[in-house]
Each structure stands twice: as C-alpha cells, then as structure tokens.
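The values are calculated or read from the model by the stated rules, or taken from the named source; none is laboratory data. Note that the coordinates shown come from a computational prediction; the quantities given were computed from them, not determined experimentally. Note that we place each Cβ from the backbone using ideal geometry, even for glycine, and neighbour counts take in every protein chain shown. Protein only, heavy atoms only, side chains kept; ligands, DNA and RNA dropped before computing areas. Shrake-Rupley method; radii C 1.70, N 1.55, O 1.52, S 1.80 Å.
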Amino acid sequence: MTQLPVKRIAMLMLVSLSAALTACGNSSSLGDRSASDSAMKADIRWTDYGIVHVKADDYRGLGYGYGYAVAEDNLCLIANTYVTVNAERSKYFGPDKSWLFAANYSINNNLTSDFFFALRNAQQTVEKLLAMPPPHGPNAEFREIAKGYVAGYNRYLRDTGIDNLPDPTCRGADWVREISEIDVYRHIYLLVSMASTGVTIQGIGNAQPPHPSLLSAASQAAQADSALSPEDIARQLQEGWKQFQMGSNAIALGSDATQTGRGMLLGNPHFPWKGGERFYQAHLTVPGKMDVTGATFIGLPLVLIGYNKDLAWTHTVSSAWRFTPYRLSLVPGDPTSYLVDGQPEAMTPWNLSVEVKQADGSMSTAERTLYTTRWGPIFNDLMGLPLFPWLPTEAYAIADANANNFRLINHFFETGQASSTRELHEILKHNQGLPWVNTIAADRAGEAFYADITVTPHVTDSKALTCSSVLGVVTGPLLGLPVLDGSRSACAWGTDSDSVEEGRFGAEAMPYIYRNDYVSNSNDSYWLSNPDEPLEGFPRIIGDERTERRMRTRLGLKMIEERLSGSDGLPGKTFSRQQLQDLLFNNRNNAAELWLDDLVSLCRLLPVMVGQGGVVMTAEACDALDGWDGTNNLDSPGALLFNRFVANALIAGVPSGTAASQLGYVDMWATPFNVNDPVNTPAGLNILNPLVQLSLANAISDLKGAGFDMDVTLRESQFFTRGDEVIPIHGGNGSYGLFNDIQAEWDPAEGYNDVAFGTSFVQVVSFDEDECPDARTVLTYAQSSNPESEHYADQTRLYSEGGWVEAQFCEQEIAPKVTRSMQLAEPR
C-alpha cells in the first residue's frame, strides 16, 4: 500500500491538533461577524468569461477574496440558501409557497421546510461537528478559509449596499443580510445530506402521529385494507428515485491510452442549471501551499472538480444508498413509543416554532412537534412519495449515513494539494468523507483511477436479509435499498475495522481500481468501470452487478473502445486532448444507434398509425427519420421526432433487465441483455410490441401539436432562456443514450423550452512534458446568476456553439486574458 509522505503525515497531525484546540477554545467565534483578528488581503483577477483567480498569502485571505468575488456574481442565490438553512422561508416568503432543492429535484413547502431545518438547528448538528477535531470536524486551514469567506461576503455587501445590489432579484430585500460562519457550515451540511435526509425534507417536516380517531381497531383494519402492497411501493420508489438520478459522465485515461503517454481526464457533471446548487469557476492560490483550479459550489470555497499541476479529478453521482428506513413497531395505544427487543422506547419530541409572514404582512408564530428515535427522525414521505405512513401500529425512521459528516471539507481541501492518484486514494481512505459521489482521476504519471469510496451504511447482504422488514424483502433485492426492522437492536448497522465512523463501510470494503488504459463512470454502479476488469462481490446497497447498464454508460464505453481499437475512422489508437473533447460534443444518440433502423422499417410498413391523439399519417415522419444523421446536433433534421419517440417509449415500457421491468413493465428490446456482452446488449427494437407503434404515433402527434414539421431541428425546439435571450441547446436526455446529457421539460406548445439540468461544468485536462496542464473548460450556464451581468449567458452561448474556454492555470495563460483586477484589503 502506498503511504503518505512523512512530511504530509506530520502536517496532518499538526492540523488535527490545531483544529482540536481551535474547536475547544473558539466555539464562540461562530457569532463573530468580523471573522478576523488580523488584516486580510487578496489579489483578485478576472479573465475572459468572468473566471475568478484569487491569490493570497494565507488561507484566510484566500477565503476573503473568494467570498467577495462569488458574492459579486451570485449573492442573491447564496443569500436565499442562507434563509432556507436558518428556517426562515416562512418569515420572508410566506408559509404557502414552495422552493426547489435543485440538487435533488425535490419541491418543498416553505413551512414544512422551516420545521425540518428548525429540527436540525435545535439538535445543534452542525455545532457539534464543528466542535470535533479532524477528520470529523474541519481542519484548521479550512476554518481560516471560512472566516475569510464570511468577511469577504460581508465586505462586498457593505461596499455595495443592499439597496444598490446589481442583481434585481434581491436588491433592497429584507432577507439579505451579513452572515456569520454558522451560515456557511449549515449550507455545507445541506449539500452533504442532499442524497439522504435532503430527500425527506417534506417527509420529516410533516411527520405527525396518527390522529386519536385512528387508534380504534376498526380504523386500523380499514387502514390495513387500503395499504399499498410492497410491490406497489417498490414500483413507486423506483419511478420517484429517477428524479434524483441527474448523473454525470467521467473518463480517466492512463498512459496506454493517450498520445502523450500521460494522464488525461474528461469531467462532465450533470447538475442543475438553475437554483442554488450552481458550480462556480475559480482558481485558488496560496503560494507554496495550494494552487488549484476548477469548479466550486457557490458558497463553498473549495475546488470540488478540477486540476492542479499534477492531478485532475472529477465526480459522478454514485449508485450507493446513503440511508436506510427502519420500520418501527409502535406500542399499542401509544403512537410515539416503539418497541426495541420487546421493550418500549419513547420517541424524543422536539417542540419547534418558526416565524410566519401573514398575507397582510404581519408576523405570527407557527408551532409543530417533530420526533426522533434511536434510528433517526420519523418521516412519512420520500421525494414527494407518501409511502411510509405513520399509522397506529407502525412508523418509519430514516437513518442517515451522512448525519455526522463534515469530513468532505478536509477531503476537498487535501485533494486540491494532491499530486497523484495514489495520494488521492490515501485521502479517500483517511477521511472517508465523500457523501454521494464516485471519484475518477488521472495524473501526470499516467495512472487512471476510479473509486466509490463514499459514506455508505454498513448493511451487508446478510444483514439486509436477516433484518429485513416486509417492505425490505422487495426493495432490498430489487432496488438495493434495505428497509430494516427497527424492533431489534441487532439490526443496527455494522462497522468495519477501518471505518472512520461507526456504522459505515470502511475504505477497503468499497470498490476501486487503477488502470493504465482507462476507467469510466456514467452513474451506473462500479461494475463496468472498465469492462476488462469488472468489479464484483460488493454488497447490494453499494450497487448492482452483472445487470443491464444505461444507454449513456454503454455509449461512453463504446466510444472509448472504438478509439483505442482504431475503429472510429481516425488515425492511431490513442487519444489526443481534442479527441477526448469530441466524445462529448459529437452528440451521438445511442438509442438511435440501437433502434433507428428498426423504427424506420416499422414506419415504412405502416402508413397509418393510431396514437392517443388519434389517427396519424406516417410518410413525412418516415422520411425525417430515414434522413436523420442520428445525432443531437443543433442542425440535424429529425432529432426532435426521434427524441419524442424515445420519451414516449420509455413511458410506455422500459428495457429488459432493469428493476422496473422486473416489476412487470413491457419489454422494448428485440435482443435481451447478455451478461457476457454488457456493452452491446440489449439491442434492437421489438417492433412486435404494440407500444412501439403507439410511441411513434404519439411522437408524431407531439410535433404536430407544437406546430413543428417532422424534420424540425433542435435549434428550433430545444433552448435555454436567459433574460430576453433564447439560446438553442444541443444534446439530449441521457436516458435516450445521449452522452451530452441535457434534461429539459417538454412543453406541448413550444417543445423543450427550458433546460432544467444536465451538462454543466465540463473540463478536459491533459498532462504532457510541459508543467502547465493542457486544459479546456466550459460552464454551460455561465458564472453569474445576475441577469444584468455580462457573464449571465456568455458561456451558454459558447456551449451552444460547441466552444471551449482555453486553459487559465499557469501565469502565462492567465496574464494575457485578465480583464479586471483588484487588490482587496481589509479596511482599517
């Protein structure tokens, strides 16, 4: 096993000691808005497209410069998030409105959300984590960055004035204020829990004991008769969880696969184009200590996806579950007590109150009692699905593996300074802090690395079986989600000897792989990170194995293999940086490659079809499909028609081998999945399935209803609106087999009229003999959320045109492109 250098171990020990002393001695500093005992200063430069470069002599100064710059571009979005995590949405926006947590696509009522966050804040979850030494609490360096960030944010707000903010979204708003460090950490914790309790904001904030009228035997019998079957619940969970599967693509190439003989990386996260979970492009430098560039989340002053001189890394959403529901057997006649090993145990009540703005502008107070258990809080809803009711005889609690996780802070701080994939692996091992993402990386030496070393409940397949509730018997094997029996203490999560935290899998129990050719992930499980070396034998809660992969995953693997075999029509059998870029923007459509020929044949056979919109003539549609080039480029006639066919087909029936098909959905494939050929199967369109004809007829009706010709292009029908500007967008839904994943809502009158999420911050990084990495990036929705900023849509236009931003890391790359600069110093 590769060990960290002695010098680095010593540094980490000193950091741990320093942070521990800081936590013990300075807990009161969370309310200190000055966040500074000494002068702070930073040099800030902006280059083309508003990319920010911050350099400071120390970490506090680094945070100071970043806080000022990100506030200038995105203050309204960040301030709105601070309202949310402080349980104040009802106070400022009223109790009846809702907000979109774009990171997991959940819609949350303001009042319910406030009670959720009021519970979290009453439990002092964040404060307790801040009192812990590393790796559990933030290291001393990040604490300095956070102090500086607060000071920089507040400095911008004071310099500008709330009434003079450039963004009209929050100009003069009473909910904009100066912040303190606790705001920053509460925001980080929200991001940590995004894939666990973050998907149950409604379910926790709304959970109430059954009304006394339901406690009678007759009422309980009626409830039992109306309850959904476990199979129905599993089906709804499967469909509902798709909302969260926003996904990403990543390819890391090793020395055997590149023209330079060194590492190369494509990072392509698919994240929201709107809302507070935006990427922000920044270059952060403390000379001699840190020099890293890439994407941060606004409000989190660390590079999360990026590169330094020797290492490039990215992330994709992992397939592992971050929580497990526990079914509680309630004490008869007492719905707030439950049985554990036959003994009653009272739930812990939390009497909460939040301020509420009335329709006339006056303020009142709303009160609600929420309940927690040894397993976690009681909940009754997951992603908007009310599938876990609190009944007189049973209730459900949610156990969150990320409940005590601030280790991701230290992970990203250290990753920015790592110089190899081996060092990155050690960082993963000793922090075990990544909450919900795979890691894919390549280094200057030419080693490619994949790992799903993430915070995951320690539920072995054996425990999932022996501790399963009735519902878990279905959801465990089918979805990988154990629903455990909360009436037995023996059903608590296990622990590995190398687990940093009790109840989680240790790093050695999680999948990882090194390769000299390539590794890849597109949100399927770890299994086919490289088909030549499948990863197998891991617990089901981490991911599935030997099952059908997404069409997007298969297209990515196919494109890599075509290049390495020389079968893509290009010279050679290795990648250049440009060729790796081209994999994304070639806009190949894997569903078309698998289905189009069969669909055209069916279309030619049936000049008339019947859909939900009535009888349609197919000749024009057949010609459009037959003449289509099979890509989702802006000017490819026929792309929209095929996309609508696939959208309708995936609603009507799903491919074989998936969890949904096991629940009885109709098979759309002609050739079934073959575990011995997982990249190329399943294949072909089952034209004998009547739903294929129905889906094409519905697609024709969709276009006619929107006023489109059958050969309409995406330039005319898929776009993103920025102010008054309508920008055409290439790419398409990853579920249709598009590597360049663009998710947009279908408007029957206008087409795909606005992008919700998809390709966001893209980076392609190549290492060669030069010390400067050869990189290209694009932030598809641009740097600023301010509609009056020049950087509100500039990179969106660039993306629309298939363009890239050239590398801006080394000084010789930055200096010629500086458009503005300032020396920010704390006023005296």
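Observations on the structure shown:
- Filter result for TYR781 (among the aromatic types (Phe, Trp, Tyr) and not in a loop (DSSP other than H, G, I, E, B)): no
- Taken as a whole, the range 490-506 holds no residue that is closer than 13 Å to ALA320 by Cα and touching a Leu at 6+ places or on another chain (Cβ under 7 Å).
- Within the option set PRO168, PRO138, being in contact (Cβ under 8 Å) with a residue 60 or more places away in the chain, open to solvent by 20 Å² or more (accessible area, probe 1.4 Å) and on the phi < 0 side of the Ramachandran plot holds for one residue only, PRO168.
- Answer from ASP334, ASP310, ASP381, ASP341 - the residue that is on the phi > 0 side of the Ramachandran plot and of a type in the set (D, E, K, R): ASP341
- Note on the range 770-802: residues that are over 28 Å from LEU75 (Cβ atoms) and either touching a residue at least 24 places away in the same chain (Cβ under 8 Å) or surrounded by 22 or more Cβ atoms within 10 Å (Cβ to Cβ) (or both) amount to 7.
- The range 497-533, residues that are of a type in the set (A, V, I, L, M), part of a loop (DSSP other than H, G, I, E, B) and surrounded by fewer than 22 Cβ atoms within 10 Å (Cβ to Cβ): VAL500
- Test: residue in the range 146-158 that is under 19 Å from THR81 (Cα atoms), in a helix (DSSP H, G or I), open to solvent by less than 10 Å² (accessible area, probe 1.4 Å) and free of Cβ contacts under 8 Å to residues at least 24 places away in the same chain: no
- Among (1) on the phi > 0 side of the Ramachandran plot; (2) in contact with a helix residue (DSSP H, G or I) (Cβ under 9 Å, 6 or more places away or on another chain), the one test that GLY723 misses: (2)
- Consider the range 473-487 and keep the residues that are in contact with an Asp or Glu (Cβ under 8 Å, 6 or more places away or on another chain) and either small (Gly, Ala, Ser) or at pLDDT 95 or above (or both). The one that is most open to solvent (accessible area, probe 1.4 Å) is SER487.
- Qualifying residue in the range 675-683 (condition: at pLDDT below 95, under 30 Å from PRO230 (Cα atoms) and either part of a helix (DSSP H, G or I) or open to solvent by 40 Å² or more (accessible area, probe 1.4 Å) (or both)): no
- In this structure, THR293 does not qualify as of a type outside the set (Gly, Ala, Ser), open to solvent by 10 Å² or more (accessible area, probe 1.4 Å) and over 25 Å from the mean Cα position of the chain (by Cα).
- Filter pass, ALA257 being of a type in the set (A, V, I, L, M) and modelled with pLDDT under 95: no
- Only residues that are crowded, with 24+ Cβ neighbours inside 10 Å, over 19 Å from LEU408 (Cβ atoms) and of a type in the set (D, E, K, R) were counted in the range 445-472, giving 0.
- Elements of the type strands (runs of 3 or more DSSP E) sitting completely within the range 317-375 and holding at least 2 residues that are within 30 Å of ASP544 (Cα to Cα) and either modelled with pLDDT of 95 or more or hydrophobic (A, V, I, L, M, F, W, C) (or both): these cover 323-331.
- Flag for VAL764 being farther than 26 Å from SER701 by Cβ and either aliphatic (A, V, I, L, M) or modelled with pLDDT under 95 (or both): yes
- Qualifying residue in the range 735-744 (condition: aliphatic (A, V, I, L, M), open to solvent by 10 Å² or more (accessible area, probe 1.4 Å) and closer than 27 Å to ASN523 by Cβ): yes
- Candidates in the range 534-582 are the residues that are open to solvent by less than 40 Å² (accessible area, probe 1.4 Å), outside any helix (DSSP H, G or I) and without any contact (Cβ under 8 Å) to a residue 60 or more places away in the chain; of these, the one that is nearest to ASP452 (Cα to Cα) is LEU535.
- Residue in the range 184-204 that is within 29 Å of LEU370 (Cβ to Cβ), at pLDDT 95 or above and open to solvent by 20 Å² or more (accessible area, probe 1.4 Å) present: yes
- Figure legend. Inter-residue proximity from the range 706-729: first residues more than 12 Å from TYR792 (Cβ to Cβ) and part of a strand (DSSP E or B), second residues open to solvent by 10 Å² or more (accessible area, probe 1.4 Å) and among the polar types (S, T, N, Q), beta-carbon distance below 6 Å, spacing 6+ or different chains. Indicated pairs: PRO728/SER800.
- Pairs linking a residue in the range 275-302 that is at negative phi to a residue that is open to solvent by 10 Å² or more (accessible area, probe 1.4 Å) and of a type in the set (D, E, K, R), with Cβ atoms under 6 Å and 6 or more positions apart or on different chains, are THR285/LYS55; THR285/ASP291.
- The residue list LEU650, LEU605, LEU641, LEU599 contains one member that is at pLDDT 95 or above, open to solvent by 40 Å² or more (accessible area, probe 1.4 Å) and either under 15 Å from VAL692 (Cα atoms) or of a type in the set (A, V, I, L, M) (or both), which is LEU605.
- Close pairs from the range 102-114: first farther than 11 Å from GLY198 by Cβ and touching a residue at least 60 places away in the same chain (Cβ under 8 Å), partner open to solvent by 30 Å² or more (accessible area, probe 1.4 Å) and among the basic types (Lys, Arg), Cβ under 7 Å, at least 6 apart: ALA102/LYS274
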